Amino acid sequence: MNNFSVHILGSSAAIPSVNRSCSGHFVSCNNRNILIDCGEGTQLQLRRFNLPIQRINTILISHLHGDHFYGLPGLLGTMSLLGRTSGIEVFGPAELENILEVIFKSGQTRLNFPFTFHPIDCTAKHIIFEDAGIKIHAFPLRHRITTFGFSIEEKHQRFSLDKKKLEEFNISNEQRKLLARGGDFQRIDGTWIRYNDFAGPKRPVRVYSYCSDTMPFQALDEYLQGTTTLYHEATFMQDQKKRAVETFHSTAEDAAQQALRSGINLLLIGHFSSRYQEIEGFENEARQIFVPTSAVKDGDCFQVR
Ligand SMILES: [Zn+2]
């Protein structure tokens, strides 16, 4: 199975601490590297966890609260100073373009690589990026300011093959590679070998969705259709439900309820308020409702399933 992984760069809400940085996820899928959110210190986290900074092709920014984007100008500046030449595409709220322009202009900073900004403007789920390997959707969340969630969907580039049949027909390793990519070929005796006749069971498509920051709301059920692994913020536990409502955030229980309704395989919760010393309670609270839940730590890596 192809690599489809999520590295957690930051799991703290609002304020970074020594152990928990602000929001950032590094997602790899079919050789595309996507950074979702870029809180302060994200470039250091990328280094700490040995992730390839210069191979990030796409950056998605959910909203303009500082803990989700203050690291972006610094990261772009570093990419340029380190000699980056390949382009990067940034998707985020429209105002972000001006913010970056002011910062770079004031410091007479020039990015030495092609940089494209795509403002997101949506009131429902829609595609913002698609190539041969992945598809990215954005959808609106419900928070104090305009905020977007994202879904990253893999595209199968290789077919699984029926091993028994391959052996039966004496298909060589080289020929197997061709079939796995969806190619047909002709044998010396003139017979055609077609990948369709050798295709094994279809693997389900994996989709990773990212919901931070948001309070629970009904349309999310629709936006998360097809999601298999969900990251959902859990800034508070139920003991602070009132505070969660006031600040347009979710509790661990809210996240778990959403996971249950969406029928996903794995729930990751993060964006924990610094008022909590221990994170264990978040996981316990969520698991009462949805068992396959992980309360994330910085540096954790999960396979999307
Ligand atoms: Zn926020």
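Rg ratio for the range 150-305: its Cα radius of gyration over 2.2 N^0.38 Å, N being its residue count, equals 1.48. Across all directions, the average projected area of the convex hull around the alpha carbons of the range 49-145 is 7.3 nm². Taking label positions 7 Å along the Cα-Cβ direction at both residue 124 and residue 111, the computed distance is 3.2 nm, reported to one decimal. With neighbour counts taken as other beta-carbon atoms within 10 Å, the residues 106, 294 rank, fewest first, as 106, 294. In this Cβ point-charge picture (+1 for Lys and Arg, -1 for Asp and Glu), the chain has a dipole of about 740 debye about its Cα centre. Mean sequence separation of contacting Cα pairs (under 8 Å, at least six apart), scaled by the length of the chain, corresponds to a relative contact order of 17 percent.
Helix content alone sets the calculated 222 nm mean residue ellipticity of the chain: runs of n ≥ 4 DSSP H residues at -39500 (n - 2.57) each, divided across all residues, give -6500 deg cm²/dmol. Projecting the Cα atoms of 249, 179, 265 onto the charge dipole of the range 175-305 (Cβ charges, centred on the Cα centre) puts 179 farthest toward the positive pole. For the range 45-182, the dipole from Cβ point charges (+1 on Lys and Arg, -1 on Asp and Glu) about the Cα centre works out to 440 debye, to the nearest 20. Each of 278, 222 was scored by other Cβ atoms within 10 Å of its Cβ. Listed from fewest to most, they are 278, 222. If I fit a long axis through the Cα atoms of helix 95-106 and take the longest principal axis of the Cα atoms of the chain, what angle between them do I get, 0 to 90°, rounded to 10? In the chain, helix 95-106 runs at an angle near 80 degrees to the longest axis. Tell me the angle of helix 72-81 to the major Cα principal axis of the chain, expressed in degrees between 0 and 90 and rounded to the nearest ten. Value to nearest ten degrees: 60.
In a Debye calculation with equal point scatterers on the alpha-carbon sites of the chain and no solvent, what is log10 I(q)/I(0) at q = 0.09, 0.11, 0.15 Å⁻¹? Reported log10 I(q)/I(0), two decimals: -0.49, -0.69, -1.12.
Here's the list of lysines a cross-link from residue 242 could span, going by alpha-carbon distance under 30 Å and ignoring same-chain residues fewer than 8 apart: 125, 297. Each residue in 29, 301, 38, 22 was given a count of other beta-carbon atoms within 10 angstrom of its own, and listing them fewest first yields 301, 29, 22, 38.
Distance from the alpha carbon centroid of the range 191-255 to that of the range 258-298 works out to 12 angstrom. Full extension of the chain segment joining residue 78 with residue 287 gains 71.2 nm, where the gain is 0.36 nm per residue of separation less the Cα-Cα distance. Computed extension length for residue 57-residue 225: 57.9 nm, one decimal, from 0.36 nm per residue of separation with the Cα-Cα distance subtracted.
Cross-link partners of residue 164 among lysines, defined as those whose alpha carbon lies under 29 angstrom from its own and excluding same-chain residues fewer than eight positions apart: 155, 177, 202. For the range 1-110, the set of trypsin sites (Lys or Arg not before Pro) satisfying both a DSSP loop assignment and a count of at most 10 other C-beta atoms within 10 Å is given as 110. For residue 17 and residue 260, the difference between the fully extended length at 0.36 nm per residue and the C-alpha to C-alpha distance is 84.4 nm. Which residues in the range 139-153 place their backbone N less than 17 Å from a point set 7 Å from the Cα of residue 95 along the Cα-to-Cβ direction? Of the residues in the range 139-153, 141-149 have backbone N under 17 Å from the label point off residue 95.
Every read-out reported here was derived from the displayed coordinates using simple, explicitly stated rules and does not represent laboratory data. All of these numbers come straight from a predicted model, not from anything done at the bench. Note that each Cβ is placed from the backbone with ideal geometry, even for glycine, and that neighbours are counted across all protein chains shown.
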